[in-house]
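The values are calculated or read from the model by the stated rules, or taken from the named source; none is laboratory data. Remember, predicted model here, so these are calculated numbers, not experimental data. A quick note on method: Cβ atoms are made from the backbone with ideal geometry, for glycine too, and the neighbour counts reach across all protein chains shown. Note: areas computed on protein heavy atoms with side chains; ligands, DNA, RNA excluded. Shrake-Rupley method; radii C 1.70, N 1.55, O 1.52, S 1.80 Å.
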Amino acid sequence: MNNETMQLLYNRKSVRAYEKQPIPEADVQAILRAAVEAPTAGNMTLWSAIRVTDEAKKKRLSETCDNQPFIATAPLVLVFCADYKRWYDLFASLELGETLRRPGEGDMMLAMVDAVIAAHASVVAADALGYGSCYIGDIVENYEAHRELFDLPDWAFPIGMLCLGYYRENHLKKLRDRFDKQYIVFDEKYKHLTEEEYRQMFAQEEKRYHPDNPYRADNFAQAFYARKTGAAFSKEMARSVRVAMKQWDGRLLNAKVSNKKDS
């Protein structure tokens, strides 16, 4: 398909190295406008974005987000937050005629979806303007540190972060195969894959597996689990989200968030 927009979507890949020059303000504003114009539940805009250019803050984020030095080198960092604060403040300031409930888990999930939609609109806009980007999911780790770093209120949770910048000269996009859509997109109802279908689905990943891996794993699944799902950063992410959800639904409302690890 030769459609320019479709090719942009098909060919976009994460970029973790950038030229050392700032993105022009006009382009930053165009990227942010794309985020603001993105679909949003009930036209509520249940998200906020924090623009980060301060070198010290970017350095701190490179440490708190699973120690990824390239974050500090990005000319522009955007932190997208699920945010119900504005609406709660509005409801609290008016006579509703009924008892005001605090935002719950459903509100948090809806706000997360809003934030991710906005973030990806900005990714597509950035790529259309010639800038590379990389999602950083690790922003959901270390909730207490990020809450303090950004002075986050109750009902605002950082759900995604983007690093953006110019492609380096002679940059070569490394294209990686995605899973075939037959294993991802189903008709009418969920498809429960067979053992053979799972084998076919993960065949490419198995080919990339190397027996001489740092995890002393016997197969691809063991190595991947050790690198991702069972890794320390993943456990910290789960702990951090538990604390954030308690803060969101009021169990830690207006209380100082403890730095003690949850069990």
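May I ask for the net charge around Ala156, where only other residues with Cβ less than 11 Å from the Cβ of Ala156 are counted and Lys, Arg are +1 while Asp, Glu are -1? The partial results should precede the final answer.
Numbers: positive: Lys85, Arg86, Arg147; negative: Asp83, Asp151, Asp154.
Charge balance in the 11 Å sphere: 0.
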* Taking a probe of 1.4 angstrom, what is the accessible area of Thr5 in Å², to the nearest 10? -> 80
* **Relative pair counts by distance (%), Cα atoms of the range 98-209, 10 Å bins** => 10, 24, 29, 27, 9, 1, 0
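Quick check: at a probe of 1.4 Å, how many percent of the accessible area of the chain sits on carbon and sulfur atoms?
Values: 8520 of 16230 Å².
C and S atoms contribute 52 percent here.
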* For labels at Asp180 and Ala30 in the simple 7 Å Cα→Cβ model, what's the distance in nm? -> 3.9
* CD proxy at 222 nm, helix term only [per DSSP H run n ≥ 4: -39500 (n - 2.57); per residue of the chain; nearest 500] -> -12500 deg cm²/dmol
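Find the eigenvalues of the gyration tensor of the Cα atoms of the range 56-112, then list the square roots of 5 times those eigenvalues as equivalent ellipsoid semi-axes, largest first, in whole angstrom. All intermediate terms of the calculation are to be shown ahead of the outcome.
Values: eigenvalues 265, 28, 14 Å².
Its equivalent ellipsoid spans semi-axes of 36, 12, 8 Å.
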* Give the relative contact order (percent, whole number) for the chain; include only Cα pairs under 8 Å separated by 6+ residues. => 24
* **Inter-centroid distance (Cα atoms) of the range 164-237 relative to the range 64-104, Å** => 31
* Within a Cβ distance under 13 Å of Cys65, other residues only, what is the Lys/Arg minus Asp/Glu net charge? -> 0
* To do: Quick one: accessible surface of His171, probe radius 1.4 Å, all protein chains present, in square angstrom to the nearest 10.
  => 80
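Tell me, what is the FRET efficiency for Glu205 and Glu95 to the nearest 0.05, using R0 = 35 angstrom and their Cβ-Cβ distance as r?
Efficiency, rounded to the nearest 0.05: 0.05.
Given C-alpha coordinates of the chain, what is the ratio Rg to Rh with the Kirkwood estimate of Rh?
So for the chain, dividing Rg by the Kirkwood Rh gives 0.99.
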* Structure fact -> Amide H neighbours of Ser133 at under 5 Å, excluding residues fewer than 5 places away on the same chain, with H built from the backbone geometry, are Val15
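Can you give the FRET efficiency for Glu197 and Lys20, using 1/(1 + (r/R0)^6), R0 = 51 Å, r = Cβ-Cβ distance, to the nearest 0.05?
0.65
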* 1.4 Å probe accessible area per residue over the chain, in Å² -> 62
* Structure fact -> Under a 1.4 Å probe, counting only protein heavy atoms, Thr40 has an accessible area in Å², nearest 10, of 40
